[in-house]
Amino acid sequence: MKRLIVPLLLLLALFPARAMAQEEPEPFAAEVVRDGDAWRATFHIPGKAPVWAFSRSALQRISGTSWRPDSWTVLTPGVTLERIGRFDALVAEGGAMPATVEIAFTPLAVDLVADYDPAIILSNGSLAIYTGHFGAFPVASRAELEAMPGPGSYPERVSLRDEGGEVLHRGTRYRSATLSGGGYVIFGDVEVIESEHVATILDPGLPQWLADGMGAFADEAFTFYTDRLGDHAESRPVILASWAGPTPEIISLGGSVAGNMIGMRLEGAGLVDPVPQALERAQWFVAHEGAHFWLGQTIGYRDRRDMWITEGGADLLAMRLMERQELSEGSDMLALVDKAREDCAALLPNGGIWSADDRGDNRAYYACGMLFALAVDRAGAARGEDFFTFVTGLIAAQPEGKVGADEWLDAAADFGLSQEMLALMRVLLEEGSNDGQGAVARLLGQNA
């Protein structure tokens, strides 16, 4: 045995562990700087590839075109910004990409297809920049990029600073902020409404009735969730609500969530005066996305096909919040259940819930997932427990923060769902049902 150990020691001496392991490549680094009204981004290129494609290259929702040409101007000679296949890319005209490439840009607040807005701009000029849009990966040629169905993987690092002051990230102000993944960083003078469980930033141009309704709701919502579900795994949530102005003949409420920030964009002349339904819709958005801090971030699905666990579950948590807090006078949250029943029944004949994404039936994750959650909720009612109790148990039982369908269904069995109900859920996940209405009725313990 000793004669085997000596050669091994010699090998370790000749080939250190760091040399034997594959080294992490130097990241594609971007420095984003605001100096007064001027914005610059300097890219530090770690290799000689002639093409660097931006991982996030979603198109504008309305125009169907790339947003970068409307926002970016390449300043480095011999480098162009082009659309190649599914991607925006920096292309070196002479072969190898220069070690640094500089662009000037104007922050653009535009709705993208299935991606984060490049910027969220407030009416006083303060704004948030999404860092994920500055990450890129190397490609050997235009032809190779043209044929790529999805983005490559490459480490990235984005640093942001404001020559005129500090930036705000995750509720804390910094002289500069550096991120290795996507997130929003806020520039400018913003008033942060602080509370124990959430920080809220409201556009000073937001109609007062909306500002009042959103500000009160944010604190009540996260206090309620924390009381029922305990602490979540993220840093304190930040809600940023922007006002795009009183555009005629429009009522628009949209948003997205990145990390611990819930971003909202409100617009339209129809929102200048109080509209109860519009406030309810804005509150619902915060309620649903707020629920994801627990069911989504503290515990999430293992596989994308199990998105029904988090999306449908968040819908039920949000509904219970809205009912409990009586935040929407005259609203009928039971209409949400009726809508979920209708949509789930219509989608089940198309196939199983697990394959909904392949068919473009993503609504099934929300509608059918909510009904699954409601079945669990009802199973605990006789002993004074509900879906909040169930989610708390899931979080405690899965310390790594991930749950799959089998684990969810096992937990549902322990919570009191019958074997017949569990069998039905498995069929709906795998196959769907030609009798959607009958399956939904059975799911809710009713006669078809």
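Listed here are the residues, each with its yes/no results for (1) outside the structural domain of Val158 (by TED's automatic domain parsing); (2) surrounded by fewer than 23 Cβ atoms within 10 Å (Cβ to Cβ); (3) free of Cβ contacts under 8 Å to residues at least 40 places away in the same chain; (4) not acidic (Asp, Glu).
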{"site": "Asp212", "(1), (2), (3), (4)": "yes, yes, yes, no"}
{"site": "Arg228", "(1), (2), (3), (4)": "yes, yes, no, yes"}
{"site": "His232", "(1), (2), (3), (4)": "yes, no, no, yes"}
{"site": "Ile239", "(1), (2), (3), (4)": "yes, no, no, yes"}
{"site": "Ser242", "(1), (2), (3), (4)": "yes, no, no, yes"}
{"site": "Pro246", "(1), (2), (3), (4)": "yes, yes, yes, yes"}
{"site": "Ile251", "(1), (2), (3), (4)": "yes, yes, yes, yes"}
{"site": "Ser256", "(1), (2), (3), (4)": "yes, yes, no, yes"}
{"site": "Ala269", "(1), (2), (3), (4)": "yes, yes, yes, yes"}
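Would you please name the residue that is farthest from Arg170 (Cα to Cα), looking only at residues in segment 279-297 that are part of a helix (DSSP H, G or I) and touching a residue at least 60 places away in the same chain (Cβ under 8 Å)?
So, considering only residues that are part of a helix (DSSP H, G or I) and touching a residue at least 60 places away in the same chain (Cβ under 8 Å), the one farthest from Arg170 (Cα to Cα) is Leu279.
Scan segment 327-336 and tell me whether some residue there is in contact with a Phe, Trp or Tyr (Cβ under 8 Å, 6 or more places away or on another chain), within 19 Å of Gln446 (Cβ to Cβ) and either modelled with pLDDT of 90 or more or of a type in the set (A, V, I, L, M, F, W, C) (or both).
No.
Going through segment 423-448 one residue at a time, which ones are closer than 20 Å to Val337 by Cβ, outside any helix (DSSP H, G or I) and more than 32 Å from the chain's Cα centre (by Cα)?
Selection gives Asp435, Gly445, Gln446, Asn447, Ala448.
Under the condition of being touching a Phe, Trp or Tyr at 6+ places or on another chain (Cβ under 9 Å) and at pLDDT below 95, which residue from segment 275-287 is surrounded by the most Cβ atoms within 10 Å (Cβ to Cβ)?
So the residue we want is Gln283.
Can you name the residue in segment 436-448 that is in contact (Cβ under 8 Å) with a residue 60 or more places away in the chain and not aliphatic (A, V, I, L, M) and, of all such residues, is nearest to Tyr365 (Cα to Cα)?
Gly436
Could you check how many residues of segment 36-65 are among the charged types (D, E, K, R) and within 22 Å of the chain's Cα centre (by Cα)?
Matching residues across segment 36-65 total 2.
Being part of a loop (DSSP other than H, G, I, E, B) and surrounded by 15 or more Cβ atoms within 10 Å (Cβ to Cβ) narrows it down to one of Asp189, Asp115, Asp219, so name that one.
Of Asp189, Asp115, Asp219, the one residue that is part of a loop (DSSP other than H, G, I, E, B) and surrounded by 15 or more Cβ atoms within 10 Å (Cβ to Cβ) is Asp115.
So the check is Cβ under 9 Å with 6+ separation or different chains; which pairs have a first residue in segment 355-371 that's assigned by TED's automatic domain parsing to the domain that holds Arg305 and on the phi < 0 side of the Ramachandran plot and a second one that's in a helix (DSSP H, G or I) and hydroxyl-bearing (Ser, Thr, Tyr)?
Pairs found: Ala356/Tyr365; Asp357/Tyr365; Asp361/Ser355; Tyr365/Thr310; Gly369/Thr310.
Please indicate, with yes or no, whether at least one residue in segment 128-145 is more than 26 Å from Thr65 (Cβ to Cβ), touching a residue at least 12 places away in the same chain (Cβ under 8 Å) and surrounded by fewer than 17 Cβ atoms within 10 Å (Cβ to Cβ).
yes
State yes or no: is Tyr174 surrounded by 17 or more Cβ atoms within 10 Å (Cβ to Cβ) and among the aromatic types (Phe, Trp, Tyr)?
Considered against the rule, which asks whether it is surrounded by 17 or more Cβ atoms within 10 Å (Cβ to Cβ) and among the aromatic types (Phe, Trp, Tyr), Tyr174 comes out as no.
Trp294 - would you say it is buried (at least 20 other Cβ atoms within 10 Å of the Cβ) and not assigned by TED's automatic domain parsing to the domain that holds Gly369?
Answer is yes for this residue.
So which of Glu400, Glu385, Glu420 ends up being free of Cβ contacts under 8 Å to residues at least 24 places away in the same chain and outside any helix (DSSP H, G or I)?
From the options Glu400, Glu385, Glu420, the qualifying one is Glu400.
Scan segment 29-74 for residues that are part of a helix (DSSP H, G or I) and either out of contact with any strand residue (DSSP E or B) (no Cβ under 6 Å at 6 or more places or on another chain) or not assigned by TED's automatic domain parsing to the domain that holds Tyr154 (or both) and report the count.
Final tally of qualifying residues: 2.
Working only within segment 184-207, note down all residues that are at pLDDT below 95 and over 21 Å from Asp219 (Cα atoms).
Within segment 184-207, just Asp189 meets the criteria.
Please go through segment 173-191 and pick out each residue that is farther than 30 Å from Tyr154 by Cα and touching a residue at least 40 places away in the same chain (Cβ under 8 Å).
Residues satisfying the conditions are Gly188, Asp189, Val190.
If I filter segment 389-409 down to residues being out of contact with any Gly (no Cβ under 8 Å at 6 or more places or on another chain) and hydrophobic (A, V, I, L, M, F, W, C), which single residue comes out as surrounded by the fewest Cβ atoms within 10 Å (Cβ to Cβ)?
Ranking the qualifying residues of segment 389-409, first place goes to Ala396.
With the checklist (1) modelled with pLDDT of 95 or more; (2) under 23 Å from the mean Cα position of the chain (by Cα) in hand, flag the one item Ala345 doesn't pass.
(2)
Could you say whether any residue in segment 430-448 is surrounded by 15 or more Cβ atoms within 10 Å (Cβ to Cβ) and more than 21 Å from Leu347 (Cα to Cα)?
No, that holds for no residue.
Could you tell me whether segment 7-27 includes any residue that is at pLDDT 95 or above, in a strand (DSSP E or B) and closer than 25 Å to Thr178 by Cβ?
no
The values are calculated or read from the model by the stated rules, or taken from the named source; none is laboratory data. Every value quoted in this text rests on a predicted model; they were computed, and no experiment measured them. With ideal geometry, Cβ positions are generated from the backbone for all residues, glycine too; neighbour counts draw on all protein chains shown.
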